Structure formats: structure tokens, C-alpha cells
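Right, one structure below, let's go through it.
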Amino acid sequence: MPPKQGLPSEIERSIREQEQKLLTEGMKLGRFRRIRQREFYSRYLFLPGKGAIFRAGEFQLFTTIEGGTGQGYNQPLTERETNWPQTGKLSSQQNLVVKALHVRICRCPTDSTLYPAPPNNFNPDLPYSAADIYNIAYNFTVNVKYITEKIPYGLIADFPAVGGAWGFNQASRQQPIAGQPAPPIVQNVGLSQTLDLQAAPLLQSVQGTGNYPILNSNVVAAFERRFKVPLLIQNSEQFTVSLETSNEWQMDTDVANAPPNNGILRNGTGAFEIEVGLWATESFVEQS
Amino acid sequence: MPPNPSKDIARQVSDQEDEMLKRGRTPGDGKFGTLRQRHIWSTYHFVFAPGSAIQTSTVFLNNQIIVPGTYRVFRESVGKNGQGLPAGLMLGDTDTNFLGEGRMPDQQNFAVWEVGVTILPQRVDVVSLALNSRGAGALHPDDVSHILDEGVLRVKYITEEVSLGHFADFAQPGGPGFTVPSVLDYSAGAVLAGLGVAGGQNAGNMLGQPFSAQIARSTQNSGNMAASPGTRRKLDIPIFLPARTQFEFQLVFKRPVLLRSIQNGGTVGFSARVDLFVAESYRAVS
């Protein structure tokens, strides 16, 4: 008689047990045996326009996953915007212990397909003006939301972002003009004034110095806002974060009389992007 | 009779040879008996085609773009071309010290406790390939800011890809200090503070004088936030990389990223170094 074909009996029995468990009890996943740490993040793109009044409202994050549309973007979201696995809740295969939270005021994406017409309402090439940074940091509350409960955790300013480029906050993005009255000690040092509106000659780095980024406060990782009482999120639990503003404020606009199409001499971006990041210990069960 | 040392050694050699030839096992007790801690790093070189047109209406040239894609490190070892380097250039010791090429060597295990990404100036020999069109030295802070916000760091095993966070979340230790930036004109030997109008010993007001490229360079940083080792991102749960594990780290850009033209302070390229601070066990084979 030819030998019986097929899998070894132990493996066959294991497969039958798994099938039984799934079909009769709805249970496929085993224990959450694997553990790791990483950042979970979700971004929102705000497009009010240069000089526009930003109206009061609430904006939900962690509600759109990669490939979906929403959260202010004109295109499907990518891994750049979020790595959250499920819309509005944690996936059934993960549990999170959130150790730290940060909110980053990101540089606007330079992908032009994300911006609606008219294009002159936005200039994503510029760093933000200090006035816009201030308004963003102090006019939004960060809420953690479950099914019906909404808990304000703080302002954006309370959650500085980790890392970022070094040493920007001291750079002036304004250029002085000649002929300002000299302070008593130094001679004819130009004082801060609005940006030079003259079209610059070739190879002028003046444009570069006038546009050093002013970013929100960045901190090293050890100093980010950490919870002594971590935020616990169970698998399948409903969870989102919202940014809410109840005050109206105005986006910075272009300097008056700036030459057209001379984007680098304009002040306002007309848009901004916010990221909420959760540094978490994750237990998970992976499927194969 | 006392044991014959020569016979014993001969037998040991024969046994080890047997183990290796017949079973593929490392001679000796096979344990990873030695421990140490050190940095393991690998660098990707983002090199762009030099631009040709001088733009005064925008700081960006169209071809100064990081093309969306996945850029892999820990794939090539010293002496190899790859990881973005132009043809003819090889990775050196400062580019990588990882021996494995896409997988852990047989003789090492890593427990990764810290991960960092740093944005660096490009190599001088890369600049030399297009001397008038590429910038050596520090990156423009504007470019660094964009790169840090746009790039995502992933670790990949065989089929599993895990996004760890954006580049900005993983600053590396050290790096040059950043002096208080100055917008003063150095071209006429002006002192650092207190400048007069054009002419004279303290030539060069902030405006009314063309800025020299020296000013842009002197006020630039060279990378992302220079976290001291004690304050960088540390993992409570290390990443385990046992011997022979297939893995790589990926620098992922999902959208095009515009960077500054060289005429406006850009460098037409940069390097990104991924650094792991690991506890390493290994066995030495002689």
C-alpha cells in the first residue's frame, strides 16, 4: 500500500484545532506575545489661505488611514501622514501603552497636488512666520476622545515636538533696512523691519537668511511630555485625537506690494500641517 | 599513562573539522561568549542632478527633489558601491561599519537600544564630481527642516515592514554646536557686532550690501537636533536582531520634497546616517 500523503499528523491536528476555534468561537488570534516600541502618528493639513480668518472648529485625527482621504488632504493619505492602522479605533491585533505625546507643527508639504486652486493662496515653500506659530500653538486644544468622552489634555504649546532642525529659534527672518537710527552702542546696525521687497540680484543669499524657519519648540527625546500614568488603549478600542479651537485668528499674509510670483519674499504660507505623535509600547499578534 | 597532548589536540581538530564539514557548525563551543556595546551605522547618499537655471523667483529649482521612494541602508558594506553613491565611489568606514549586507552576520547578535537618523552634508568626493554645481559643507536649515518632517524611518524583516516614526523623532547624539546666527557681512573684515555703513573698517551693513555666501554658510547648522547621548530616543523594548536575521532599515519618502537650489543656499544633495546603539554578543573565530 503506498504511504499516506499529506502533512504530519501533529500539524494536521493543529490546523483542525485552529479551524475549529475560528469557525465556532470566532477566535483566530492568539496571545499578544510580541512587543515593541514605536511612534504612532497622524497629521492634519489646514488650508485656510493667506490672510484668511481661521474659524473655530474641531478637527479629528487618527480617523483616516493610509490610502483613505480626509484630514484635510486632497490626495489619499500615505505613510508620511499616518501609520495608524484603523479608522477611529485601534486594530484588533494591537494593544498600546502610550508613554509620551507630542504635537509637531510640520513644514508644509511641498507636494503641489495637495493644494487646491488658486495656487497663490498658498506658499508651502516658506517656513512659517512667528505670528502663525504663536497662533497655532496657543489657539488649539488637544483632546483625546473615546466613544462619548472627550478629554482636553492641553494646548499644542504644552506638547513640544521631538527633534527637528537645530538652532532655528534664534535666527531672525527679518532683514533690517539701512538708515535706521543707530542704537547708542553700535553704529548703524539695521533694526528689524519687514522683508526687503526689492527683487534681488543673482546669487543673493539674502533671500536665504531672510527666511530661516521659525518652528515651534523642539525638544530632545528625553524631555518630551511623558506620562507617569500612561494612556492605555486596548485592542479594538475606539480612540481618536482632535484639535479644537474656539478662538478665531488670522493667518499671516503677504507683505503688501510684494512683487508677484516672488514667493520667497512673501510672509504667509496660507497653510499649515499638524502632527500628533504617540510614543507607545505595543503588544501585537501578527498574521501570516 | 598521562594523556598525550598531541593526540588530544589532533582529536579535537578532527572533531571540529567533522562538525564543520559534515554539519556546518562553527568549531568551538558555539556560544556567543563576548559582549560589548557600540554604534552600528549605515549611510544613504541622496545625490541630485545639478541644476542649470538660476532662479530668482523661487528658492527651489524643479530638479532639486527627493523622489518618493524607499531608500535602504544596512545593505552594502565597506568597499562596495551602492546606497545612493554615484558609480565609481565606494562606501567607507565613516559610511558604514555593518558587515552583514541585508542580514545579520552569523557571528553576532544585536539588541538595539537606541535608533537615530542624522542629516549630514554630502561627501566631498561626491561634490567633486560636479564641482560647480554641488555644495560642500553644511546643509541649509530650511532643507534639514523639510527632510526631517517628510522622511519616515522603517525597519523591515522578511515580509514585515514596521514604520518607527519620522526622522525628526530620532535625533542622534553630538554634532556641531550652532553659534548664534549672524547676518552680518564678513566680506570686508567686519567685526561681529556693530557694523557701519559701506566703507571703512567696519564695512557692511546688513542691507544695502550684497550678502556673501559666507554668511549663509556661517549661519547654517549641519544637521538635525544635536541631542546629547543622554537625551536621545531610547527604546524601553529593544529591537532584537539575532544572528542570520534578514533585516534592513528604510528611509521612506512618500511625497516629493523640494529642496533649495545651490544659488539659494542649497547643496544639491545630502547624506542620511542611520545609527543604532546596540548591545552586541559575538563569537570570535580564529
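Every number here is computed from the coordinates shown, using simple stated rules; none is lab data. What you see is a predicted model, and the numbers here were worked out from it, not measured in a lab. As a convention, Cβ positions derive from the backbone with ideal geometry for all residues, glycine included, and neighbour counts pool all protein chains shown.
Summary of computed values
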{"read-out": "Qualifying chymotrypsin sites (Phe, Trp or Tyr not before Pro) in the range A:119-160, DSSP loop, other Cβ atoms within 10 Å at most 16", "value": "A:146"}
{"read-out": "Computed magnitude of the charge dipole of the range A:32-76 (debye, nearest 20; Cβ of K, R +1, Cβ of D, E -1)", "value": "260 debye"}
{"read-out": "Peptide B:142-154, shielding by other chains (average Cβ, 10 Å cutoff)", "value": "6"}
{"read-out": "Using a Förster distance of 56 Å, the FRET efficiency for residue B:20-residue B:124 (Cβ separation, nearest 0.05)", "value": "0.80"}
{"read-out": "Flagged links, alpha-carbon separation over 21 Å, of A:99/B:234; B:156/B:254; A:89/A:145; A:145/B:254; A:99/A:145; A:228/B:234", "value": "A:145/B:254"}
{"read-out": "Diffusion constant of the range A:11-138 at 37 °C, which comes from Stokes-Einstein with the Kirkwood Cα-pair radius and 0.692 mPa s, µm²/s", "value": "180 µm²/s"}
{"read-out": "Extended-chain gain in nm, criterion 0.36 nm per residue less alpha-carbon gap, residue A:32 and residue A:97", "value": "22.1 nm"}
{"read-out": "R0 of 60 Å, Cβ-Cβ distance residue A:250-residue B:70: FRET efficiency to nearest 0.05", "value": "0.90"}
{"read-out": "Net +/- balance of residues flanking residue B:34 in space, Cβ distance below 10 Å, scoring K and R +1, D and E -1", "value": "+2"}
{"read-out": "Spin-label zone in the range A:91-127 - amide nitrogen under 19 Å from a point set 7 Å from the Cα of residue B:237 along the C-beta vector", "value": "A:91-102"}
{"read-out": "Under 12 Å from the Cα of residue A:150 - aspartates and glutamates, other chains or at least 8 residues apart", "value": "A:58, A:244"}
{"read-out": "Residues residue B:6 and residue A:130, FRET efficiency given R0 of 56 Å [Cβ-Cβ distance, rounded to 0.05]", "value": "0.10"}
{"read-out": "Segment residue A:18-residue A:55, length gained on full extension (0.36 nm per residue, minus Cα span)", "value": "7.9 nm"}
{"read-out": "Net charge, residue A:76 excluded, C-beta distance under 15 Å - Lys, Arg +1, Asp, Glu -1", "value": "0"}
{"read-out": "Label-point separation, residue B:90 to residue B:106 (7 Å along Cα→Cβ), nm", "value": "2.4 nm"}
